[in-house]
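Undergrad: Please see the structure below; I have some questions.
Bear in mind that the values in this text are calculations on the coordinates, not laboratory data. As the structure is a prediction and not an experimental result, all values here were calculated from the model. So basically every Cβ, Gly included, is an ideal-geometry build from the backbone, and we count neighbours across all protein chains shown.
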Amino acid sequence: MTCVQLLDFCTTWRKGVRRVWDLPYTTHRYLLPLLGRCLPVLNEICRRSMNFIITCLSHTSSLVKYIAHHSIRFGLNFSLVGRNVLYCSRRYGFDVYDVLTNNTRFSSDTIHSRARSEVTEAQLHEADFFA
């Protein structure tokens, strides 16, 4: 999936949520995760992707471990795993190669913190008003 396709997916997801919850189509996108008490869809996809990659890097199977390491170390721009790690590292501010050594600052809390920092107090109050 390319970045454009990912962003299109996020847009489609938001439209679907508005429709299912019977919200006006003009409802701001930042309100949807607040109303649903969840992460924005892009952050959720990144969280799940990184959790999967970290699980592969520490897998009991040496083959799974090797493929994950190779995809990051040598295929950063050419493999799906490598591109996902690169995208997430830029988005959440951790070093790509620290993922290989389990020395990364990445965790699910990193993504939750980022999502919280993107919302202002006024937006939180607005979401509480609608909830």
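Undergrad: Give me the one-decimal nm value for the distance between modelled label points at THR11 and LEU80, 7 Å along each residue's Cα-to-Cβ direction.
TA: It works out to 2.3 nm between the two label points.
Undergrad: Gain in length, ARG37 to ARG91, computed as 0.36 nm per residue apart minus the alpha-carbon separation, to one decimal in nm? Spell out each step's value before the answer.
TA: Values: separation 54, 0.36 × 54 = 19.44 nm, distance 2.16 nm.
Answer, rounded to one decimal: 17.3 nm.
Undergrad: Quick one: which of 53-65, 31-43 comes out on top by average Cβ neighbours within 10 Å, and what's the full order, highest first?
TA: Working: 53-65: 13.0, 31-43: 17.4.
Going by the mean number of other Cβ atoms within 10 Å, highest first, we get 31-43, 53-65.
Undergrad: Further question: To the nearest 10 degrees, how steep is helix 41-57 against the longest Cα principal axis of the chain, on a 0 to 90 scale?
TA: Between the helix axis and the principal axis of the chain, the angle is about 20 degrees.
Undergrad: Given the -39500 (n - 2.57) contribution per DSSP H run of 4+ residues, what per-residue ellipticity at 222 nm results for the chain, rounded to the nearest 500 deg cm²/dmol? Show your work: numbers first, answer last.
TA: Details: 8 runs with 91 residues, N = 131.
After summing the helix terms and dividing by residue count, I get -21000 deg cm²/dmol.
Undergrad: Compute the FRET efficiency between ASN51 and ASP128 as 1/(1 + (r/R0)^6), taking r as their Cβ-Cβ distance and R0 = 30 Å, and round to the nearest 0.05. Don't jump to the answer; show the numbers that get you there.
TA: Details: r = 30 Å, r/R0 = 0.99.
So, using R0 = 30 Å, E works out to roughly 0.50.
Undergrad: If the viscosity is 0.692 mPa s and the temperature 37 °C, what translational diffusion coefficient in µm²/s does Stokes-Einstein give for segment 39-112 when Rh comes from Kirkwood over Cα pairs? Write out the running numbers ahead of the final one.
TA: Details: Rh = 12.2 Å.
Reported coefficient: 270 µm²/s.
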